[in-house]
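Okay, so here's the structure we're looking at.
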Amino acid sequence: MRSLFFIFLITFHLFADISIEEKKAQLGLSQEEQQWLLEHPHIIVGMDPLYAPYEWMDENGNYIGVVVDYMHELEKILGIRFEILKNKSWEELLTLAQKGEIDMLTSTVQTPERSKYLTFSESYHSAPTIIIDNAKGAFVGSLKQLSNKRVVVEKGYFMEEFIRNKYPHIKLVAASNTKEALEMVAEDKVDAYVGDANLADFVMRKNHLDTLRFSGQTEYVSHQAFALTKGNEPLAAILTKAMATIPKEEFDAI
């Protein structure tokens with residue numbers, strides 16, 4: 001075990017030695033993209049305050065998580081500043097994005113409805129979308145098995161749109177957050193929850209929801225990306241180029 005840990009430290013050190021200047025040299029931005037950054041050095045960002053372990057607000061009102069650290073690296077590479085808008089729910093942030101009152105959303109999965117008002121970077125992280133139940137019945141398996149069942153999702157999250165459009169016979173229930181959704185499953189108020197596997201696992205562990213179980217996997221994947229509002233479309237390609245300069249091992253280490 002010690003030798004494996006030592007190898008990890010060496011690997012991380014090697015990738016950490018890739019300097020910001022080297023990453024900037026790899027960017028390959030066009031003149032138009034460079035000019036866009038000069039004209040837009042300050043980006044207003046909407047970030048879900050309840051999306052741990054990816055991003056969330058701590059007890060001191062500071063945003064923390066994998067995506068926050070990743071964005072700090074992107075700031076250094078691009079020479080811009082991300083300002084995270086505070087005290088807004090995910091649903092409120094989506095409304096602000098539709099109105100063009102913020103520049104960017106983080107950890108956003110592309111959907112047909114969102115594509116009407118957002119432009120997406122390449123995905124920086126993907127996770128399976130799973131089914132969770134209270135382990136009182138048979139293993140669910142897939143969304144097809146939930147026809148005429150009560151299924152809870154977080155209001156405004158991407159699975160709400162996909163299930164509503166493709167599985168109209170599922171009785172959809174919208175919860176205000178993941179904790180509330182999973183507690184509804186534990187209390188037998190609904191038959192199952194559907195959502196991001198890492199998000200659900202984090203909330204279950206933190207809140208000791210030990211009676212719940214993973215009971216199936218859907219055909220959907222949570223491909224998380226940066227989403228840009230109207231007028232900020234060039235930043236999607238710029239961020240994709242910046243992300244390409246950060247080795248996967250460095251992102252995993254974060």
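The values are calculated or read from the model by the stated rules, or taken from the named source; none is laboratory data. Here the structure is a predicted model, which is why all the values come from computation and not from measurement. Cβ: placed from backbone, ideal geometry, glycine included. Neighbour counts: every protein chain shown. These area figures cover heavy atoms from the full protein model, side chains too; ligands, DNA and RNA do not enter into them. Shrake-Rupley method; radii C 1.70, N 1.55, O 1.52, S 1.80 Å.
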Where a ≥ b ≥ c are the square roots of the eigenvalues of the C-alpha gyration tensor, would you call segment 40-99 rounded, which needs a/c under 1.5, or, failing that, prolate if a/b is larger than b/c, or oblate?
oblate
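Averaged per residue, what accessible surface does segment 79-137 expose to a 1.4 Å probe, in Å²? Show your work: numbers first, answer last.
Working: 2740 Å² over 59 residues.
With all protein chains present, segment 79-137 gives 46 Å² per residue.
From the Cα gyration tensor of segment 138-254, with a ≥ b ≥ c the square roots of its eigenvalues, which class applies: rounded if a/c is under 1.5, or else prolate if a/b is larger than b/c, or else oblate?
Details: a/c = 2.33, a/b = 1.66, b/c = 1.40.
Prolate.
I want the local charge near E219. Using Cβ-Cβ distances under 13 Å, sum +1 for each Lys or Arg and -1 for each Asp or Glu among the other residues.
Values: positive: K144, K166; negative: none.
For residues surrounding E219, the net value is +2.
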Just to confirm, what accessible area per residue do you get for segment 171-254 at 1.4 Å probe, in whole Å²?
44
Taking all protein chains in place and a 1.4 Å probe, what share, in percent, of the accessible surface of segment 99-254 do carbon and sulfur account for?
50
Just to be sure I understand, if you calculate volume of the Cα convex hull per residue in Å³ for this structure, which of (i) 121; (ii) 170; (iii) 144 do you get?
(iii)
Read phi for every residue in segment 35-40 and hand back ³J(HN,Hα) as whole Hz from Karplus 6.51 cos²θ - 1.76 cosθ + 1.60, θ = phi - 60°, with x for Gly and Pro.
5, 4, 5, 4, 8, 9
Pair H40, S19: separation of 7 Å Cα→Cβ label points (nm)
2.9
Computed over the chain: longest principal axis from alpha-carbon atoms vs helix 234-244 long axis, angle to nearest 10 degrees, is 90
Karplus-derived HN-Hα couplings along segment 159-170 (A = 6.51, B = -1.76, C = 1.60, θ = phi - 60°), whole Hz, x at Gly and Pro:
5, 4, 5, 5, 5, 4, 7, 9, 10, x, 7, 6
Entries in K116/K166; K99/K179; K88/K230; K76/K206; K149/K189 that, when Cα-Cα distance is taken, lie over 23 Å:
K99/K179; K76/K206
Over the chain, what relative contact order in percent results from Cα pairs under 8 Å that are six or more residues apart?
27
Pulled fully out, how much extra length does the chain show between E32 and D69, if you take 0.36 nm times their separation in residues and subtract their Cα-Cα distance?
10.6 nm
Cα gyration tensor shape for segment 112-201, rounded if a/c is under 1.5, else prolate or oblate:
prolate
